[in-house]
Amino acid sequence: LKTFSLFQGLSDDTLATVSRLAMMRRIPRGQSVVHAGERCDFVYLVLTGSLKVVVSDEDGREVILTILGQGELFGEMSMFGEQPRSATVVAVMPSDLVMIAKNDFRTILQGNFEVAWRIMANLADRLRSADRKIESLALMDVYGRVARLLLEMSEEVNGAVVVVRKITKQDIAKMIGASREMVSRVMKDLAAQGLIEETGAGIVLRDRLQSV
Ligand code: CMP
């Protein structure tokens, strides 16, 4: 538990209490953990793996709101709002989760303002990124949306800016509200212009991509 930034700085006693309340769960690839519309019983932390947060319509068309990775918390929104789950969370690779019952998590937050503050900061970050998404859907073409998403998902690796997380063109399409064919065409174009390069280590981004 010490490895989660959410719990950083907690005393050993508090960590021991948290670990007593926490349970482990392994989720196979493709299986969902929480379902939109269901009641909230647990909050989850990602120990290993990767999960997508999706909303879909009756025809099965889905939008990917985000992809969660190691150290991230989910399932807290319905706990705060006493509302049903806002989205479905599906493992995109085998994932290990730490799960804590809603009431236990509430007790932990009551005794640890730092942890509660970090969750509030996290919710604010999420709102900021949702605002950016509204902006890009309303104001940007697919080139701009692909470029922005790649930049948001990238990290610095040995001086290069790289999207290391495995992501399919279909997933990119579902994250930016475009078709897979359009995303393929745009990425081919960006590669032809030397703005991105698909390598074994991931998608390498060039500086000039910022201005697309
Ligand atoms: P909850 O509503 O309980 O169940 C679905 C979870 O998906 C939700 O809590 C959040 O933890 C997570 N989630 C929903 N929307 C987003 C988003 N836009 N970005 C990141 N995570 C989200």
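The values are calculated or read from the model by the stated rules, or taken from the named source; none is laboratory data. Keep in mind it's a predicted model, so treat the numbers as computed, not measured. Here Cβ is always computed from backbone atoms with ideal geometry, including for glycine, and neighbour counts include all displayed protein chains.
Consider the range 185-212 and keep the residues that are within 23 Å of S50 (Cα to Cα) and out of contact with any Leu (no Cβ under 7 Å at 6 or more places or on another chain). The one that is surrounded by the fewest Cβ atoms within 10 Å (Cβ to Cβ) is G200. Would you mention how many residues in the range 6-40 are closer than 24 Å to M93 by Cβ, within 15 Å of the ligand (Cβ to nearest atom) and more than 19 Å from the chain's Cα centre (by Cα)? Result for the range 6-40: 1. Only one of the numbered conditions (1) within 20 Å of the chain's Cα centre (by Cα); (2) surrounded by 14 or more Cβ atoms within 10 Å (Cβ to Cβ); (3) free of Cβ contacts under 8 Å to residues at least 24 places away in the same chain is not met by A178, and that is (3). Scanning the range 63-97 for residues that are more than 16 Å from the chain's Cα centre (by Cα) and of a type in the set (A, V, I, L, M, F, W, C), we see that the one that is surrounded by the most Cβ atoms within 10 Å (Cβ to Cβ) is M79.
Filtering the range 69-94 to residues that are more than 19 Å from A22 (Cα to Cα), modelled with pLDDT of 95 or more and either among the hydroxyl-bearing types (S, T, Y) or near the ligand (Cβ under 8 Å from one of its atoms) (or both) leaves P84, R85, S86, A87, T88, V89. The strands (runs of 3 or more DSSP E) found entirely in the range 125-207 that carry 1 or more residues being away from the ligand (no atom under 16 Å from the Cβ) and of a type in the set (D, E, K, R) are 155-157, 196-199. It is to be established whether one or more residues within the range 101-114 are within 9 Å of the ligand (Cβ to nearest atom), surrounded by 14 or more Cβ atoms within 10 Å (Cβ to Cβ) and polar (S, T, N, Q). Within the range 101-114 (the criterion being within 9 Å of the ligand (Cβ to nearest atom), surrounded by 14 or more Cβ atoms within 10 Å (Cβ to Cβ) and polar (S, T, N, Q)), the answer is no, since none of the residues qualifies.
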